[in-house]
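S.K.: One structure is given below, represented as structure tokens, and several questions about it will come after.
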Amino acid sequence: MEPRRSVFFVSDRTGITVEIFGNSLLTQFEGLSFRRITIPFIQSRNDLQSAIDQINRAVEEEQQRPIVFLSIVDEAMNLELREKTQALTLDFFQAFISPLEKELGVKSSHAAGRSHSVNYDYFRRMEAINFSQSHDDGAETRDLSEAEVILVGVSRCGKTPTSLYLALQFGIRAANFPLTPDDFTNHKLPASLQPFRSKLFGLTIDPNRLSQIRQERRAGSHYASLENCRQEVRYAENMMERERIPVLDTTAKSIEEIATTIIHLAKLNRHFY
């Protein structure tokens, strides 16, 4: 097996954007092992030199070139890091800014941190996160009319992380509500959801996977038993089909895939990108 290749995400801000971009590229290389190191907030000469030293130490220790995903706006610091490190450097910023400048005929501002600045998007994001947290697992039903989507499904099928991802990444006010054995006995949607049928979106999951997840929470319980999981999933799917609620199987999907699919199928408006 090949030794792990060190991968650095180097940024003059949080590094979140370059991490997402770099990791999405690395997923295309199955079977390889990577050691990921993020070096954020490169804002001084000392910060820069420390990053250079760390990258070059990896070269000496591993006897192979590390990969550096780089996002530093300052051109002099950017160039110095690329020249003084023995690494494959993929400059995230310059790869896209230069062609855009040429196409638009306008010089970019070269201002660091624009994508994470405190502006309207920031406050919209915080408002959506607060909404999703307060409407998690059916905890609050009084102002469900303000929700843009309400996720329904059995316990532990992915409703909470998906709601928070929709809020964090896209500013969407997402509530979620569990379907329980009481609802299945009554053969109808919970009363608090009935006025909002048009906002409902169902999540389902393979019973075997659901049982594994629940075993981690309550090992050996009826709640986590495969028989109970099969029954709950079957009843929930029947209810959602009867109520004509669109349903997405989350078993083999990442949170990112689930959220993006919901946005597409439910025709939700992203409030920022």
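The values are calculated or read from the model by the stated rules, or taken from the named source; none is laboratory data. Computed from a predicted model, the values in this text were never measured in an experiment. Cβ atoms come from the backbone with ideal geometry, glycine included; neighbour counts cover every protein chain shown. Please note that ligands, DNA and RNA were not included when accessible areas were found on the heavy atoms of the full protein model with its side chains. Shrake-Rupley method; radii C 1.70, N 1.55, O 1.52, S 1.80 Å.
S.K.: If only one of 64, 54, 43 is of a type outside the set (Asp, Glu) and not in a loop (DSSP other than H, G, I, E, B), which one is it?
M.R.: 54
S.K.: Being open to solvent by less than 70 Å² (accessible area, probe 1.4 Å), of a type outside the set (Val, Ile, Thr) and more than 19 Å from the chain's Cα centre (by Cα) is the filter here; which residues of segment 13-53 pass it?
M.R.: Matches in segment 13-53: 33, 34, 40, 44, 47, 48, 50, 51, 53.
S.K.: In this structure, does residue 153 turn out to be open to solvent by less than 50 Å² (accessible area, probe 1.4 Å), on the phi > 0 side of the Ramachandran plot and at pLDDT 80 or above?
M.R.: Yes: the conditions hold for residue 153.
S.K.: In addition: Report yes if some residue within segment 113-122 is in a loop (DSSP other than H, G, I, E, B), open to solvent by 10 Å² or more (accessible area, probe 1.4 Å), in contact (Cβ under 8 Å) with a residue 12 or more places away in the chain and touching an Asp or Glu at 6+ places or on another chain (Cβ under 7 Å); otherwise report no.
M.R.: no
S.K.: Next question. Do we have residue 184 as in contact with a helix residue (DSSP H, G or I) (Cβ under 6 Å, 6 or more places away or on another chain), in a helix (DSSP H, G or I), at pLDDT below 95 and not charged (D, E, K, R) here? Spell out how you get there, then give the answer.
M.R.: Details: in contact with a helix residue (DSSP H, G or I) (Cβ under 6 Å, 6 or more places away or on another chain): yes; in a helix (DSSP H, G or I): yes; at pLDDT below 95: yes; not charged (D, E, K, R): yes.
Judged against the criteria, residue 184 is a match.
S.K.: Looking at the structure I just gave you, is residue 56 over 18 Å from residue 94 (Cα atoms), surrounded by fewer than 15 Cβ atoms within 10 Å (Cβ to Cβ) and either of a type in the set (S, T, N, Q) or modelled with pLDDT of 90 or more (or both)?
M.R.: Spelling it out, it is not the case that residue 56 is over 18 Å from residue 94 (Cα atoms), surrounded by fewer than 15 Cβ atoms within 10 Å (Cβ to Cβ) and either of a type in the set (S, T, N, Q) or modelled with pLDDT of 90 or more (or both).
S.K.: Further question: Would you confirm whether or not segment 134-147 contains a residue that is β-branched (Val, Ile, Thr) and at pLDDT 90 or above?
M.R.: Looking for residues that are β-branched (Val, Ile, Thr) and at pLDDT 90 or above, one finds none in segment 134-147, hence no.
S.K.: If you go through segment 244-263 one residue at a time, do you hit one that is buried (at least 20 other Cβ atoms within 10 Å of the Cβ) and among the polar types (S, T, N, Q)?
M.R.: yes
S.K.: Of the numbered conditions (1) assigned to a helix (DSSP H, G or I); (2) within 29 Å of residue 169 (Cβ to Cβ); (3) more than 25 Å from the chain's Cα centre (by Cα); (4) small (Gly, Ala, Ser), residue 108 satisfies every one except a single condition; which is it?
M.R.: (1)
S.K.: For the condition assigned to a helix (DSSP H, G or I) and closer than 13 Å to residue 155 by Cβ, what is the one hit in 208, 238, 228?
M.R.: 228
S.K.: Turning to a different aspect of this structure: So residue 80 passes all but one of these: (1) modelled with pLDDT of 95 or more; (2) closer than 17 Å to residue 16 by Cα; (3) not aromatic (Phe, Trp, Tyr). Which condition number does it fail?
M.R.: (2)
S.K.: Within the set of pairs 6+ apart or on separate chains, which have a first residue in segment 250-262 that is over 12 Å from residue 165 (Cβ atoms), a second that is among the aromatic types (Phe, Trp, Tyr), and C-beta atoms under 9 Å apart?
M.R.: Qualifying pairs under 9 Å: none.
S.K.: A further question follows. Applying the selection to segment 192-218, what residues are closer than 14 Å to residue 237 by Cβ, of a type in the set (Val, Ile, Thr) and surrounded by fewer than 17 Cβ atoms within 10 Å (Cβ to Cβ)?
M.R.: Scanning segment 192-218 gives no hits.
S.K.: Within segment 159-169, can you find the residues that are open to solvent by less than 20 Å² (accessible area, probe 1.4 Å) and either within 22 Å of residue 121 (Cα to Cα) or touching a helix residue (DSSP H, G or I) at 6+ places or on another chain (Cβ under 7 Å) (or both)?
M.R.: If the condition is that a residue be open to solvent by less than 20 Å² (accessible area, probe 1.4 Å) and either within 22 Å of residue 121 (Cα to Cα) or touching a helix residue (DSSP H, G or I) at 6+ places or on another chain (Cβ under 7 Å) (or both), then 162, 163, 166, 167 are the ones that fit.
S.K.: Sticking with this structure for a sec: From the list 20, 37, 16, which residue is of a type in the set (A, V, I, L, M) and closer than 20 Å to residue 86 by Cβ? Give the derivation first.
M.R.: Details: 20 fails: closer than 20 Å to residue 86 by Cβ; 16 fails: closer than 20 Å to residue 86 by Cβ.
It is 37.
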